[in-house]
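Colleague: Before anything else, here's the structure in question.
The values are calculated or read from the model by the stated rules, or taken from the named source; none is laboratory data. Only a predicted model underlies this, so the values are computations on that prediction, with no experimental measurement involved. Backbone-built Cβ (ideal geometry, glycine too); neighbour counts: all protein chains shown. SASA here: full protein model, heavy atoms, side chains in, ligands and nucleic acids out. Shrake-Rupley method; radii C 1.70, N 1.55, O 1.52, S 1.80 Å.
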Amino acid sequence: RKLPVIALAFGAVLKICACYFLMEKWGMAAAPVGTVLCYLAASAINLGVCFKNRLLFADLLKTFFQPVFCAAICGLSALLFYRVMGSTLAVLPLAILLSVPVYLLALLLAGVPDEETEKLFPLAGKIGRIRGKLSFFKKKG
């Protein structure tokens with residue numbers, strides 16, 4: 001019962017260390033990096049214990065890696081659009097908006113969502129129907 005608190009405390013120590021060492025080089029940009037490291041460490045500890053104690057049964061590829069991969073592609077496309085369109089604050093919302101179709105395409109190509117997810121979320125069901133209409137996404141068998 002104390003594990004989440006201990007994991008978060010470890011993450012907080014990691015955040016303080018990261019901010020201390022990165023602040024000189026990156027300035028205030030080190031703060032969000034430290035926060036991300038904090039929550040990543042706490043989450044990794046908690047998930048590791050859950051998997052070790054068989055408290056959580058999940059397909060890591062479908063649950064974590066495929067969505068993170070799609071999100072990374074989306075982020076990179078937003079950055080590319082942002083830089084191509086002029087790297088100003090005015091084009092940032094447009095760059096983000098243009099990366100949404102890229103994210104949806106990445107979801108389709110990665111096979112996310114699966115049929116189980118499609119039953120739970122209406123948007124996921126629509127994406128699945130689109131994938132089903134495209135011949136190169138049809139299941140073999």
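Colleague: Could you please let me know if A7 is under 20 Å from F64 (Cβ atoms), in a helix (DSSP H, G or I) and in contact with a Gly (Cβ under 6 Å, 6 or more places away or on another chain)?
Modeller: So A7 fails the test.
Colleague: Looking only at region 57-70, count every residue that is hydrophobic (A, V, I, L, M, F, W, C), open to solvent by less than 50 Å² (accessible area, probe 1.4 Å) and at pLDDT 80 or above and tell me the total.
Modeller: 1
Colleague: What about N46, is it modelled with pLDDT under 90 and either surrounded by 14 or more Cβ atoms within 10 Å (Cβ to Cβ) or in contact with a strand residue (DSSP E or B) (Cβ under 8 Å, 6 or more places away or on another chain) (or both)?
Modeller: Spelling it out, N46 is indeed modelled with pLDDT under 90 and either surrounded by 14 or more Cβ atoms within 10 Å (Cβ to Cβ) or in contact with a strand residue (DSSP E or B) (Cβ under 8 Å, 6 or more places away or on another chain) (or both).
Colleague: Still on this structure, please answer the following. Given the options K2, K52, name the one that is free of Cβ contacts under 8 Å to residues at least 40 places away in the same chain, within 30 Å of G111 (Cβ to Cβ) and open to solvent by 90 Å² or more (accessible area, probe 1.4 Å).
Modeller: K52
Colleague: Inside region 87-115, can you point out the residues that are β-branched (V, I, T), at pLDDT 80 or above and part of a loop (DSSP other than H, G, I, E, B)?
Modeller: Across region 87-115, the qualifying residues are T88, V91.
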